[in-house]
Amino acid sequence: MALHENGVLDPDLGQTVNHDLAEYHIATNADIEDVRADWIDEHDPHLNPM
């Protein structure tokens with residue numbers, strides 16, 4: 001989500017000019033690339049049953 005956030009500042013006043021949800025880009029499935037999970041099979045001495 002942080003990659004879609006863009007705060008536009010007014011150069012004269014130094015205030016944010018796009019501070020409403022109408023201009024806020026919400027990420028959808030089309031914006032997310034392929035997600036892959038890799039499992040590492042190793043012993044972790046600090047891992048507990050919880």
Item to check | Where a residue in the range 25-50 is closer than 30 Å to residue 6 by Cα and its partner, wherever it lies, is of a type outside the set (Lys, Arg) and modelled with pLDDT of 85 or more, with Cβ under 8 Å and at least six apart | outcome: none
Next on the checklist: Restricting to the range 32-50, name every residue that is over 23 Å from the mean Cα position of the chain (by Cα) and among the acidic types (Asp, Glu).
Outcome noted: 41, 42, 44
Checklist entry - Looking at the range 26-36, is at least one residue surrounded by 10 or more Cβ atoms within 10 Å (Cβ to Cβ), at pLDDT 70 or above and assigned to a loop (DSSP other than H, G, I, E, B)? => result yes
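The values are calculated or read from the model by the stated rules, or taken from the named source; none is laboratory data. Note that the structure is predicted; figures quoted are calculated from it, not measured. As a convention, Cβ positions derive from the backbone with ideal geometry for all residues, glycine included, and neighbour counts pool all protein chains shown.
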